[in-house]
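A short reminder: the numbers here are calculations on the coordinates, not readings from a lab. A quick note: this is a predicted structure, and the numbers were derived from the prediction, not measured. All Cβ positions, even for glycine, are placed from backbone atoms using ideal geometry, and neighbour counts span all protein chains on display.
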Amino acid sequence: MAVAGVMLLFHQLLLLFLLLFLSLFMATATSSPIMPKPDCPDKCGNITVPYPFGFGDDASCYREGFQLLCNHTFTPPKLFLPNISIFEDTNGRS
C-alpha cells in the first residue's frame, strides 16, 4: 500500500512539473524579449552587469525592479543596490 501511495505522489508531482514547464514555455514563446538599448552601460568597475539588471539614467537600460547604482566616486567604481545603506566597520571587526 505504501508503494502505491508513493507512486501516486510521484505521478502527481510529475504532472505538476510538466504543467509548470509548459506554462512557462508558452509564456516565453509568445512574448517578445525586452532588450536594453545598445548604448546602455554594462560594466561598473570590474563587474559586468547583465540585462535585465542595469544602471544609469535611462530606465530602458534595465527592467523595473532590477536597477542598480554604479558609484564612480570609488576607484574602481562600486556597484550598489538602490535604497540600501551599507555600513563599513572602521574599527577592524568582522
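What the table shows:
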read-out: Any pair with Cβ under 8 angstrom, 6 or more apart, that starts in the range 44-71 at a residue that is assigned to a strand (DSSP E or B) and ends at one that is surrounded by fewer than 13 Cβ atoms within 10 Å (Cβ to Cβ); value: GLN67/ALA59; GLN67/PRO82; LEU69/LEU81; LEU69/PRO82
read-out: In the range 32-43, the residues that are out of contact with any Phe, Trp or Tyr (no Cβ under 6 Å at 6 or more places or on another chain) and part of a loop (DSSP other than H, G, I, E, B); value: SER32, PRO33, ILE34, MET35, LYS37, PRO38, ASP39, CYS40, PRO41, ASP42
read-out: Restricting the range 47-87 to residues that are touching a strand residue (DSSP E or B) at 6+ places or on another chain (Cβ under 8 Å), β-branched (Val, Ile, Thr) and more than 16 Å from MET35 (Cα to Cα), the residue that is surrounded by the fewest Cβ atoms within 10 Å (Cβ to Cβ); value: ILE86
